[in-house]
1. Restricted to the stretch A:123-150, and to residues that are within 12 Å of the chain's Cα centre (by Cα) and open to solvent by 20 Å² or more (accessible area, probe 1.4 Å), which residue is farthest from A:ALA109 (Cα to Cα)?
2. For the stretch B:26-57, name all the residues that are open to solvent by 10 Å² or more (accessible area, probe 1.4 Å), part of a loop (DSSP other than H, G, I, E, B) and within 16 Å of A:GLU92 (Cβ to Cβ).
3. What are the residues in the stretch A:72-118 that are farther than 18 Å from A:TYR152 by Cβ, aliphatic (A, V, I, L, M) and touching a helix residue (DSSP H, G or I) at 6+ places or on another chain (Cβ under 7 Å), if any?
4. Tell me the helices (runs of 4 or more DSSP H) entirely within the stretch A:1-108 that contain at least 1 residues that are touching a residue at least 40 places away in the same chain (Cβ under 8 Å), under 20 Å from the mean Cα position of the chain (by Cα) and closer than 30 Å to A:LEU132 by Cβ.
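The values are calculated or read from the model by the stated rules, or taken from the named source; none is laboratory data. As the structure is a prediction and not an experimental result, all values here were calculated from the model. For neighbour counting, all protein chains shown are included, and Cβ atoms are generated from backbone atoms with ideal geometry for every residue, glycine included. For the accessible areas, the whole protein counts, side chains as well, though only heavy atoms, and no ligand, DNA or RNA atoms are used. Shrake-Rupley method; radii C 1.70, N 1.55, O 1.52, S 1.80 Å.
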Amino acid sequence: MTYPSKRTLISIGVGILLLVVYVIYALGDASPAPDDLKLWALALLVYIGACIAAGIVIQILFHIALAIGIAVKEKPGDDKKVERIIKSSMLEDEREKLISLKSSHIGHAFSGFGFVTGLIALAVGSSAVVVLHIMAGAFAVGSIIEGCVSVYHHERGVPNG
Amino acid sequence: MGKKLLITNKIRTLRFFANEMTQLELAEKAGASRQTIMALEAGKYTPSLELAFRIADAFGVSICEVFEYKKEEESK
């Protein structure tokens with residue numbers, strides 16, 4: 001499995017974990033009142049912040065793990081080669097951009113579907129908190145789907161065009 | 001409609017004849033990542049015309065000597 005696939009899989013795992021934690025919080029006793037939109041918005045902001053922070057930490061940890069992994073594989077003392085391999089592995093070339101484009105296209109489509117579902121829910125009389133969670137959930141699941149599509153293209157290949 | 005095109009390449013063979021050029025060296029010369037070169041050799045990616053030219057240039061051969069295409073099957 002390639003380095004970008006491993007990184008994406010870990011990101012998906014952490015994303016699912018954070019989503020589960022949020023769902024447990026939302027369904028638990030400590031959650032805000034169903035009509036307290038301000039507190040729900042705050043809870044969602046904290047959740048989004050945690051997702052961003054986790055993403056940054058994963059990037060840093062994976063960079064370190066990659067450097068250690070390559071240094072162990074290569075001959076000791078060949079720092080320049082290790083640096084070259086890391087630089088090449090981290091390079092975002094046309095294939096990376098194509099995979100990113102294809103996967104984000106599917107992720108965005110799912111998020112858009114969630115937005116429309118939220119509007120429909122609002123139209124049929126659901127509360128603003130429910131609509132907020134439908135939209136936030138669609139973005140979270142869309143992001144997870146985006147990661148899955150990215151791993152699929154990294155492993156199975158991606159046609160150009 | 002048209003026929004589906006299958007693009008194959010001889011990158012692995014050309015690397016062998018280029019004094020066992022490593023994937024890393026080719027990636028650096030072509031301005032691509034090592035994973036892209038691996039994917040190309042495994043037939044999991046078809047490069048853009050620009051990258052194809054850069055790879056051919058890295059070997060000092062024409063693009064036709066690196067890549068070839070064949071009509072595979074009727075596309076739906």
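1. A:CYS148
2. If the condition is that a residue be open to solvent by 10 Å² or more (accessible area, probe 1.4 Å), part of a loop (DSSP other than H, G, I, E, B) and within 16 Å of A:GLU92 (Cβ to Cβ), then B:GLY31, B:PRO47, B:SER48 are the ones that fit.
3. Listed by number, the residues that qualify are A:VAL82, A:ILE85, A:ILE86.
4. Counting at least 1 such residues, we get A:3-27, A:37-73.
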